[in-house]
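*Asks:* Below: one structure in structure tokens.
The values are calculated or read from the model by the stated rules, or taken from the named source; none is laboratory data. What you see is a predicted model, and the numbers here were worked out from it, not measured in a lab. Reconstructed Cβ throughout: ideal geometry from the backbone, glycine too, with neighbour counts over all protein chains shown.
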Amino acid sequence: MICISFRARARGRGMRPLLPLRLRRAAAGGLPRCFGMARRGGPAWRLSIEGNIAVGKSTFVKLLGKTFPEWQMATEPVAKWQKVQASSTREQASSSQNFGNLLQMVYQEPSRWSYTFQTYSCMSRLKAQLEPLSEKLLKTWDPVQIFERSVYSDRYIFAKNLFELGHLAEIEWTIYQDLHTFLLQEFGDRIALHGFLYLQATPEKCLERLHRRGRPEEKEIQLEYLEQLHTQHENWLVKKTTEVHFENLRNAPVFVLDVNNDFEDDPAEQEELMRKVKAFIKTL
Ligand SMILES: Nc1ncnc2c1ncn2[C@@H]1O[C@H](COP(=O)(O)OP(=O)(O)OP(=O)(O)O)[C@@H](O)[C@H]1O
Ligand SMILES: Nc1nc(=O)c2ncn([C@H]3C[C@H](O)[C@@H](CO)O3)c2[nH]1
């Protein structure tokens, strides 16, 4: 049983540290929606979990949910990508048409489907980042929202990599970036994040976990693809050599967690990881 004390609770509402300069700047045009809605614990901390395919993000999010049941989690909507449907009213939902498995399509024919995939995944992530705080979170002290990946990894990991591999044509990459910049500027502070938790493991470890999970669409994935994605993560989140186009992103804190160890059946390792997450949030 993991037991992490919430010392932060004792800080009380009035003692929430001032927003870092970058966020005060970001909030200049109006505070993010989460800031207006959180009543008990003040503003919600909004963090994204980033990391390579099969590094263990969903597993980690589950662990966070078990440890901090009051937090709000937004998991990556893989099932929606596997079964694309037109958005419909509740009455139409049961009869809505299935347009196909876009995840499978992008792996099978990346040059044909990458632009479609990135447009759709970006929209899914945008919707997730715009979700209002749940009733439960509104009643929580020190509310925290966790997102599995973000509109930023959509662009600076996947779309960028697909462009560099030649699966996105120059014109598609240009339009995607234009759309991405426009949407993020329009939604501004409503989608702002306070930091990133980067789950880091070797590409070899990710491939091993990917094979163990056995998702059918991913069976052709080679180590080389995971190595490329690993490099994209390192360049964006660690070396900071990726050119990013949003000032608040450039300055966002990144906490790197080594998840090479198999923590699934190791309560001590789990406790240590959860302690580190809490400690990171206290630094924000
Ligand atoms: N620390 C770990 N040790 C051992 N196995 C793990 C660990 N974390 C995750 N796994 C296993 O690895 C597989 C992939 O994990 P998971 O689905 O959480 O990855 P993910 O990062 O969410 O993947 P994706 O990028 O596809 O969303 C699962 O079978 C999971 O049980
Ligand atoms: N092309 C592409 N672009 C994305 O933005 C993206 N995000 C996730 N994925 C793939 C990785 C896993 O197989 C699976 C679940 O994470 O979906 C993506 N693939």
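*Asks:* Failed condition for Ala268, given (1) surrounded by 17 or more Cβ atoms within 10 Å (Cβ to Cβ); (2) more than 16 Å from ligand 2 (Cβ to nearest atom), with all others met?
*Replies:* (1)
To keep it simple, each residue is scored yes or no on (1) crowded, with 20+ Cβ neighbours inside 10 Å; (2) within 10 Å of ligand 2 (Cβ to nearest atom).
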| site | (1), (2) |
| --- | --- |
| Ser124 | no, yes |
| Pro132 | no, no |
| Ser153 | yes, yes |
| Asn161 | no, yes |
| Thr181 | no, no |
| Phe187 | no, no |
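*Asks:* Can you confirm whether region 173-184 contains a residue that is at positive phi and modelled with pLDDT of 95 or more?
*Replies:* Here is the first cut: in region 173-184, the residues at positive phi are none.
No, region 173-184 contains no residue that is at positive phi and modelled with pLDDT of 95 or more.
*Asks:* Residues Gln185, Gln222, Gln145: which one is touching a residue at least 24 places away in the same chain (Cβ under 8 Å) and either more than 21 Å from Leu284 (Cα to Cα) or within 19 Å of the chain's Cα centre (by Cα) (or both)?
*Replies:* Working: Gln185 fails: touching a residue at least 24 places away in the same chain (Cβ under 8 Å); Gln222 fails: touching a residue at least 24 places away in the same chain (Cβ under 8 Å).
Selected residue: Gln145, the only one of Gln185, Gln222, Gln145 that is touching a residue at least 24 places away in the same chain (Cβ under 8 Å) and either more than 21 Å from Leu284 (Cα to Cα) or within 19 Å of the chain's Cα centre (by Cα) (or both).
*Asks:* Kindly list, by first and then second residue, each pair from a residue in region 102-121 that is on the phi < 0 side of the Ramachandran plot to a residue that is among the acidic types (Asp, Glu) and within 14 Å of ligand 1 (Cβ to nearest atom), limited to pairs with Cβ atoms under 7 Å and residues at least 6 apart or on different chains.
*Replies:* Within 7 Å, the pairs are Leu103/Glu217; Gln104/Glu217; Tyr107/Glu217; Tyr107/Glu218; Gln118/Asp154; Ser121/Asp154.
*Asks:* Starting from region 255-280, take each residue that is in a loop (DSSP other than H, G, I, E, B) and list its partners that are within 16 Å of ligand 2 (Cβ to nearest atom), counting only C-beta distances under 6 angstrom and pairs at least six apart or across chains.
*Replies:* Listed by first residue and then by second, the contacts come to Val259/Gly56; Val259/Leu199; Val259/Ala201; Asn260/Ala201; Asn260/Lys205.
*Asks:* Here is a follow-up. Keeping to region 235-248, report how many residues are surrounded by 14 or more Cβ atoms within 10 Å (Cβ to Cβ), in a helix (DSSP H, G or I) and either touching a residue at least 24 places away in the same chain (Cβ under 8 Å) or of a type in the set (A, V, I, L, M, F, W, C) (or both).
*Replies:* Number of matching residues: 3.
*Asks:* Hey, could you check region 208-233 for residues that are of a type in the set (D, E, K, R) and within 13 Å of ligand 2 (Cβ to nearest atom) and say which is surrounded by the fewest Cβ atoms within 10 Å (Cβ to Cβ)?
*Replies:* Filtering first and then ranking leaves Glu220.
*Asks:* On to the next question. Restricting the search to region 39-63, which residues are part of a loop (DSSP other than H, G, I, E, B) and over 22 Å from Trp236 (Cβ atoms)?
*Replies:* Matches in region 39-63: Arg39, Arg40, Gly41, Gly42, Pro43, Ala44.
*Asks:* How many of the residues in region 123-150 are in contact with a helix residue (DSSP H, G or I) (Cβ under 7 Å, 6 or more places away or on another chain) and within 16 Å of ligand 1 (Cβ to nearest atom)?
*Replies:* 7
*Asks:* Mind checking which helices (runs of 4 or more DSSP H) fall wholly inside region 64-159 and carry at least 3 residues that are modelled with pLDDT of 95 or more?
*Replies:* Hits in region 64-159: 78-82, 102-108, 110-130.
*Asks:* Another one. For region 92-114, name all the residues that are touching a Leu at 6+ places or on another chain (Cβ under 8 Å) and surrounded by 21 or more Cβ atoms within 10 Å (Cβ to Cβ). Talk me through it step by step, then tell me what you get.
*Replies:* We begin by selecting, within region 92-114, every residue touching a Leu at 6+ places or on another chain (Cβ under 8 Å); these are 110, 113-114.
Scanning region 92-114 gives a single hit, Ser114.
*Asks:* Go through region 188-224 residue by residue and tally those that are part of a loop (DSSP other than H, G, I, E, B) and more than 14 Å from ligand 1 (Cβ to nearest atom).
*Replies:* So the answer is 5.
*Asks:* Another question, then. With respect to Phe163, determine if the residue is without any contact (Cβ under 8 Å) to a residue 40 or more places away in the chain and in a helix (DSSP H, G or I).
*Replies:* yes
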